Amino acid sequence: MKYIADFHVHSKYSRATSPEMSPEGLWRWSQLKGIKVVGTGDFTHPLWIDELQKKLEPAAAGLFSLKKKFRADTVPKSCKADISFILSAEISCIYRKNDKTRKVHCIVIAPAFDDALRINKRLSTIGNLSADGRPILGLDAKGLLKIVMEESPEALLIPAHIWTPHFSVFGAASGFDSLEECFDELTPHIHALETGLSSDPAMNWRLSSLDTLTLISNSDAHSPRKLGREANILDAEISYASILSALKTGRGFSGTIEFYPEEGKYHADGHRACGVCLSPEETIRHNYLCPVCGRKVTVGVLHRVAKLADRDDGFRPKGAPSYRSIIPLEEIIAETRKVGVNSKAVENVYTKLLDDLGNEFRILLEVPVEDIERSGFPQVAEAVSRMRANRISIAPGYDGEFGRIKIFEEVKRKEVKGQEPLF
Ligand SMILES: [Zn+2]
Ligand SMILES: [Zn+2]
């Protein structure tokens, strides 16, 4: 059975998150989005794991569901579905290695509360797990991998948003040039990588060293509306063992749903304070210095990928899973109405569309455009049709500034091999 999974999210106990990032909120919004398996996020946080233990109960092997008494009747009939939770967390490792300060974020998934609690116990001797849902530890990423493997053989560590300049394994500012440099002899225990919002699989296909790894995508959501802005499609049983096997071997892993990488906030190079956005070529011409203030620019993901790549743009490894780029439905509606994405008008249209047509992923990927039109929103139908054909334009994001989508500007994005229907 094909289903959508989002493993990397944050709870209300992480910094700058919505109070709706509760078990109930994740349960409700996963249904609205069309996600079947959702990460709990933040299992390292003592209060959050307490709440999870109180509100969740075992479902399919190694996964959990929300206890009935916590399920409010707030999901439209058209979207109702069973939701499974998988225990997940993100840890920020800050440490020195090979004479440089390294900052590497890693996701961990675990098969049971006992396993998560054992990992937490070890980590709590290194730093304060209560300080943030995504704890910052003075721990080598390789040391974290070792702890995870020792405490739970069935757990999996996945380097997070691997290209982000400041906090990732390949980041331009504080990362490494290869997985081996980070994980040494433990590198074979890394089976999957999260490509992050600012890169898509096609960009990662340029590195032959990543061919054997499963390239996954998650929302890293801090509020429920952002759930599934990137996600994974699995064609497997809904169980922890099947998910683990799909992530480790790629078998049963059908592909990903992607943000347009240009929309990601670290795609291009630049300097946010000066409003300067540069292509990699321009950055090199300016000697990596901001043409306005003269300080060093933040080197984005596109540039960093090109630097480490050993293949030309456009190469697709044999058997690489497919992917689709999407624009979140609320952004599409906002663009058609020329209003802010958080406005009431957007919410009204969003609610009506979901009531009529089903969950958001169905609307973005599957529902015939004519049905969207018939629902009373011809402009949304037109926008979805343009998105499905990649006929949109995007001013790229840089140095922490999100890119800006323009759906109704007639620019065809460069053709990308590997974008096929996922369902
Ligand atoms: Zn992170
Ligand atoms: Zn500047």
| task | Could you estimate the translational diffusion coefficient of the chain from the Stokes-Einstein equation, with Rh from the Kirkwood formula over C-alpha pairs, at 4 °C and 1.567 mPa s, in whole µm²/s? | result | 59
| message | Only bridges whose two residues both fall in segment 83-238 count here: according to DSSP, what percent of them are antiparallel, nearest 5? | response | 75
| message | I need the semi-axes of the equivalent ellipsoid of segment 169-309: take the C-alpha gyration tensor, multiply each eigenvalue by 5, square-root it, list largest first in whole angstrom. | response | 31, 18, 12
| Per residue Cα convex hull volume for segment 93-151, in cubic angstrom? | 80
| Ignoring any ligand, DNA or RNA, what whole percent of the accessible area of segment 178-266 comes from carbon and sulfur when the probe is 1.4 angstrom? | 49
| message | Could you tell me the ratio Rg/Rh of segment 7-158? Both radii from Cα atoms, Rh via Kirkwood. | response | 1.00
| task | Sequence neighbours fewer than 8 away in the same chain don't count; with that in mind, list the lysines whose C-alpha is under 26 Å from Lys54. | result | Lys12, Lys33, Lys36, Lys67, Lys68, Lys69, Lys80, Lys121, Lys226
| Regarding segment 231-372, what are the three Cα extents along the principal axes, ordered largest first, in Å? | 53, 44, 28
| request: Could you tell me which GluC sites (Glu not before Pro) in segment 7-90 are loop residues by DSSP with no more than 16 other beta carbons within 10 angstrom of their beta carbon? | output: Glu20
| task | Output the antiparallel fraction of DSSP beta bridges having both residues in the chain, as a percent to the nearest 5. | result | 70
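The values are calculated or read from the model by the stated rules, or taken from the named source; none is laboratory data. Model, not experiment: these values are computed from the prediction. Please note: Cβ atoms are built from the backbone with ideal geometry, for glycine as well, and neighbour counts cover all protein chains shown. Note: areas computed on protein heavy atoms with side chains; ligands, DNA, RNA excluded. Shrake-Rupley method; radii C 1.70, N 1.55, O 1.52, S 1.80 Å.
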